[in-house]
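For reference, the structure discussed in these notes is given below.
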Amino acid sequence: MGSRLAVATRAALGSRTERNGHPSLRPVSEMSDAMRTTARKLVSPGRGILAADESTGTIQKRFDQIGVASTEENRRRYRQLLFTTPGVGEHISGVILYDETIRQSADDGRTFVQVLQEAGSIPGIKVDTGAKPLALFPGETVTEGLDGLRERLAEYADLGARFAKWRATIVIGDGIPTDFAIHANAHGMARYAALSQEADIVPIVEPEILMDGEHDIAACEDATGRTLAALYEQLAAHRVDLPGSLLKVNMVVPGKGAATQASDEEIARATIRCLTAHVPTEVPGVVFLSGGMSDEESTSRLNEMNRVGGAPWELSFSYGRALQQASLKAWVGKDANVEAAQRALAHRARMNGLARSGEYSAELESAA
Ligand code: 13P
């Protein structure tokens, strides 16, 4: 209801870009049709998203683990390896890029955007500028990146990005997350989502409740639920067209340091219960982040949710570490290992593709 009203209101008022003084003669209905189609393609059966949008600081940490210097050329060589993996588009519907990466090209002169488009994967872009300490709220963060975002989105659209990502982090601890931090992040994320849709770019909204801590699964369910409730309230208030958006979120899991861990089945049930309570059915898909879960946990938990079935949204993946870790380790910076590294990525993509329909099993890992 909320989103239908939003679309009707936008149709009546005309395109937002016109109102903001930018020349756009395209009707709003056409804009939202294209975004809705892109959003559905990103969660089409058997496929999911590769998050390859590590900021310069984060990729440095990943490269440190394999003893590779984080130079611009090494980052380009690594991303080239990922994006030129034979058949990558079969299970990878879209790839999230970083500002540096969306401007880079492969050895053969094609831009990475072209490489992905030709492989059948939709290029996307990370647009937030990171989670920063929230002033006067010790231990909590707020995600920045709204300044100049309208102009940056227009440039990314010109470069070929069809979807975007904005990540907020929520920490569980003594007395946190506060409602204030949840609200501040939800508000910023909704402003980003509205600006993205104005630029005809599908917003992925990503609130990540971090796994760090000793909290139990109930605490994660509570924090995830409060965060999603605030987020969807803000998205409605900002008139965001939900069918032209996607949710990226953590699974509901106990903290890494919790005394009691949970089974895949408990995690799947808690996650679906939490999403059902807070995510409108107009959202076409929920794509999970891996957030520190192992490669196989990320796959088997997604599989469990799809095996149980009955969710109104597509349940898919948008993994960074859980898709790339094996590939990075196989590569260790050497050209001679590129094929092995590509095989490792293709394998994880295929396993997660199977998890989209509950057809994954652990035996398939060793069969590879
Ligand atoms: P992980 O799957 O490594 O958590 O990364 C996903 C992501 O894009 C985090 O913003």
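Summary of values
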item: Whole-number percent relative contact order across the chain, with pairs defined as alpha carbons under 8 Å at least 6 apart; result: 18 percent
item: In nm, spacing of pseudo-spin labels at Ala218 and Gln261 (7 Å Cα→C-beta vector); result: 2.2 nm
item: Using distinct alpha-carbon pairs, which all enter the 1/r mean, Kirkwood radius of region 308-368 in Å; result: 12.8 Å
item: Alpha-carbon spread of the chain, three principal axes, descending order, Å; result: 57, 52, 42
item: Along each principal axis, Cα extent of region 25-155, largest first, Å; result: 43, 39, 29
item: Fewest-first sequence of Asp241, Asp335, Asp212 by Cβ atoms within 10 Å of each Cβ; result: Asp335, Asp212, Asp241
item: Packing-based exposure ordering (other Cβ within 10 Å, fewest first) of Thr276, Thr141; result: Thr276, Thr141
item: Descending Cα extents along the principal axes, region 263-368, whole Å; result: 49, 25, 20
item: Anchor Lys256: lysines whose Cα lies under 28 Å away (excluding residues fewer than 8 positions away in-chain); result: Lys61, Lys126, Lys132, Lys165, Lys248, Lys329
item: Ordering of 151-157, 345-351, 252-258 by burial proxy (mean other Cβ atoms within 10 Å per residue, highest first); result: 345-351, 252-258, 151-157
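Where a number appears in this text, it was derived from the coordinates with a stated rule and is not lab data. Note that this is a predicted model, so its numbers are computed, not measured. Every residue, glycine as well, gets a Cβ built from its backbone with ideal geometry; the counts of neighbours run over all protein chains shown.
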